[in-house]
1. For the chain, what does the relative contact order come out to in percent, with C-alpha contacts under 8 Å and a separation of six or more?
2. Starting from the Kirkwood radius over alpha-carbon pairs of segment 49-98, derive D by Stokes-Einstein at 20 °C in a medium of 1.002 mPa s and give it in µm² s⁻¹.
3. State log₁₀ I(q)/I(0) for segment 1-86 at q = 0.17 Å⁻¹ as given by the Debye formula over alpha-carbon point scatterers of equal weight, solvent excluded.
4. With no solvent and one equal point scatterer placed on each C-alpha of segment 98-165, evaluate the Debye formula and give log10 I(q)/I(0) for q = 0.15, 0.26 Å⁻¹, two decimals.
5. Working from Cα positions, state the angle (0 to 90°, nearest 10) between the long axis of helix 3-30 and the longest principal axis of the chain.
6. From the helices alone, meaning DSSP H stretches of at least four residues, give me the mean residue ellipticity at 222 nm for the chain, per-run term -39500 (n - 2.57), in deg cm²/dmol to the nearest 500.
7. Would you calculate the convex hull of the Cα atoms in the chain and tell me its volume per residue in Å³?
8. Can you give the FRET efficiency for residue 129 and residue 45, using 1/(1 + (r/R0)^6), R0 = 30 Å, r = Cβ-Cβ distance, to the nearest 0.05?
């Protein structure tokens, strides 16, 4: 093989490698994320130290290096397990109610919020924070961890804007 053919082969390998790396970067940035879950707030559905695959295109195109959507084409549905940013950390929670869905509160004998057939326990402070919302506000979801006792979620910090939902968990 001549020296010029070897040089051409090396250039091709470098070009293909660079294209692969660029494509991988674009896929990770916009389409698919693999996350390692830390914590028990989603047990029994997702266990501590589990790995989940997230479809970042499920609801729209994420604004690069941001915590919001650039373009939105769909909104989360009740039952979807979603990711969003809270306190500069990606969190995994279940969407239990979408915009316009009715919320029924009870304080007798324990504090709860009823969403459809689901009755979700609340602490007194969570009850006081949410009780004035008869329904989920437009453009928001109620996102709650499956392990109610340990989860820090919408019951603690309020409704989550659908524009801040960054993806849907595909598999665990």
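1. 25 percent
2. 180 µm²/s
3. -0.83
4. -0.42, -1.32
5. Roughly 10 degrees, rounded to the nearest 10.
6. Details: 3 runs with 39 residues, N = 172.
Taking each H run of at least 4 residues, the total per residue is -7000 deg cm²/dmol.
7. For the chain, the hull spanned by Cα atoms encloses 133 Å³ per residue.
8. 0.75
Since every read-out is calculated from the coordinates, none of them should be taken as a lab result. Since the structure is predicted, the reported quantities are computational estimates derived from the model, not experimental observations. Heads up, the Cβs are rebuilt from the backbone with ideal geometry, glycines too, and the neighbour counts pull from every protein chain shown.
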